[in-house]
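Scroll down for the structure; my scribbles are underneath it.
The values are calculated or read from the model by the stated rules, or taken from the named source; none is laboratory data. Model, not experiment: these values are computed from the prediction. So basically every Cβ, Gly included, is an ideal-geometry build from the backbone, and we count neighbours across all protein chains shown.
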Ligand code: NDP
């Protein structure tokens, strides 16, 4: 297999030297296992956290180990009754062209239902995070105002569209004019560029009745602009904080934590962190059926950004942290 392994831990933004391409021998298939060929590899912001030594909600990738990641694969060989050669499966093989996996960890994908790459995006992990964070914590009601950033990505685009299906007014934030135009095509009521110098004023103008749900994907300057506009009883599902993933030191400036705690108290805010994994056992089937229905009915749009070849995965991943991707970022590792 050709694999991308973690060569060293980044300090701040990752650099090419932190990752290394390596050719390795694939182990023989044992009872209960299957040999897989990777077709698509998902690149996701959480992978930056796995490059750090400290424990988050998942254990870090070790030095010299293959980078972690979700994949869509073809079964080449099977020593399990659960899968047969030729099956297309959702797996977690990481950044490599081939792998041997426990067949119980594979989820079969029906290629007749949707393009198989969607198992990593609109029918997969990021959309599921949007779905559970919004419906279980955000709980949009008709007429409420929702704000979300990284809104052109797989999480944010789903948050906006699902909130709209619940009757909310939606404000999407993204970087640059191309993404802002796409947000309007997605049906966001207002689309704002967080890189524009007038960003804070644009946001004020977009939320004349305040914000009832702020779906937190980014933190940093966007959160600063949002904070004053939160209404009483606003909900803040904390899904991710991508603006901070490369930070090594606490941000400069006065300590604003007392201000935040005071707002949580007086405005009776609900601020709740979550990871989609906590909800898989209870909500995954319902998510699959709801999203499949919305897709079939034409009420959901999605966008994928493909990069060819495992050797280009690292550069694409670095770009993701800077907003260079436009849609769900996927590496086409081999032909489907
Ligand atoms: P995206 O494909 O949207 O990529 C990340 C985007 O973040 C970039 O394209 C960029 O878009 C934006 N961004 C980067 N830096 C900044 C910044 N400083 N300020 C504002 N925006 C920035 O990613 P996903 O949709 O996959 O993920 C979105 C968030 O959801 C991430 O925080 C991720 O960690 C989190 N997540 C959490 C999960 C959970 O279970 N809790 C599961 C999946 C994802 P732009 O050009 O618009 O700035």
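Would you check which residues across the stretch 87-96 are in a loop (DSSP other than H, G, I, E, B) and buried (at least 20 other Cβ atoms within 10 Å of the Cβ) and list them? It would help to see each step written out before you state the result.
Going residue by residue through the stretch 87-96, those that are in a loop (DSSP other than H, G, I, E, B) are 87, 92-95.
Hits for the stretch 87-96 are 93, 94, 95.
Anything in the stretch 233-262 that is touching a helix residue (DSSP H, G or I) at 6+ places or on another chain (Cβ under 7 Å) and more than 12 Å from the ligand (Cβ to nearest atom)? List them, or say none.
Hit for the stretch 233-262 is 235, nothing else.
Given the condition within 14 Å of the ligand (Cβ to nearest atom) and under 20 Å from residue 324 (Cβ atoms), answer yes or no: does some residue in the stretch 130-147 qualify?
No, that holds for no residue.
Looking for whichever is more than 18 Å from residue 331 (Cα to Cα) and either out of contact with any strand residue (DSSP E or B) (no Cβ under 6 Å at 6 or more places or on another chain) or more than 13 Å from the ligand (Cβ to nearest atom) (or both) here; the options are 112, 172. Which one fits? Steps first, answer last, please.
Values: 172 fails: either out of contact with any strand residue (DSSP E or B) (no Cβ under 6 Å at 6 or more places or on another chain) or more than 13 Å from the ligand (Cβ to nearest atom) (or both).
The unique qualifying residue is 112.
Select, from 31, 77, the only residue that is assigned to a loop (DSSP other than H, G, I, E, B) and surrounded by fewer than 20 Cβ atoms within 10 Å (Cβ to Cβ). Lay out the reasoning, then the answer.
Details: 77 fails: assigned to a loop (DSSP other than H, G, I, E, B).
None of the others qualify; the one that does is 31.
Out of the stretch 148-169, which residues are more than 8 Å from the ligand (Cβ to nearest atom), within 19 Å of the chain's Cα centre (by Cα) and within 19 Å of residue 210 (Cα to Cα)? Don't jump to the end; show me each part of the working.
Residues of the stretch 148-169 that are more than 8 Å from the ligand (Cβ to nearest atom), as a first pass: 148, 158-169.
Still in the list and also within 19 Å of the chain's Cα centre (by Cα): 148, 158-163.
148, 159, 160, 163, listed by residue number.
Can you find, within the stretch 194-206, the residue that is farthest from the ligand (Cβ to nearest atom) among those that are crowded, with 18+ Cβ neighbours inside 10 Å and under 16 Å from residue 177 (Cα atoms)?
202
I need a count of the residues in the stretch 221-265 that are over 18 Å from residue 204 (Cα atoms) and part of a loop (DSSP other than H, G, I, E, B).
Number satisfying all stated conditions: 15.
Please specify each residue of the stretch 292-323 satisfying the condition of being in a loop (DSSP other than H, G, I, E, B), within 19 Å of residue 19 (Cα to Cα) and within 15 Å of the ligand (Cβ to nearest atom).
Of all residues in the stretch 292-323, those in a loop (DSSP other than H, G, I, E, B) come to 297-303, 309, 322-323.
With the extra rule that they be within 19 Å of residue 19 (Cα to Cα), the set shrinks to 309, 322.
Once the filter is applied, which keeps residues that are in a loop (DSSP other than H, G, I, E, B), within 19 Å of residue 19 (Cα to Cα) and within 15 Å of the ligand (Cβ to nearest atom), the stretch 292-323 yields only 322.
Out of all the residues in the stretch 269-278, is one or more away from the ligand (no atom under 16 Å from the Cβ) and either within 23 Å of residue 202 (Cα to Cα) or assigned to a helix (DSSP H, G or I) (or both)?
no
Consider residue 289 against the criteria (1) on the phi < 0 side of the Ramachandran plot; (2) away from the ligand (no atom under 16 Å from the Cβ); (3) surrounded by 12 or more Cβ atoms within 10 Å (Cβ to Cβ): it satisfies all of them except one. Which criterion is unmet?
Tallying (1) on the phi < 0 side of the Ramachandran plot; (2) away from the ligand (no atom under 16 Å from the Cβ); (3) surrounded by 12 or more Cβ atoms within 10 Å (Cβ to Cβ), residue 289 fails exactly one: (3).
Considering every residue within the stretch 178-192, establish whether at least one is surrounded by 14 or more Cβ atoms within 10 Å (Cβ to Cβ), under 15 Å from residue 137 (Cα atoms) and either within 15 Å of the ligand (Cβ to nearest atom) or modelled with pLDDT under 95 (or both).
Initially, the stretch 178-192 is screened for residues surrounded by 14 or more Cβ atoms within 10 Å (Cβ to Cβ), giving 179-180, 182-183, 186-192.
Add one more test, that the residue is under 15 Å from residue 137 (Cα atoms), and what stays is none.
No, there is no match, as no residue in the stretch 178-192 is surrounded by 14 or more Cβ atoms within 10 Å (Cβ to Cβ), under 15 Å from residue 137 (Cα atoms) and either within 15 Å of the ligand (Cβ to nearest atom) or modelled with pLDDT under 95 (or both).
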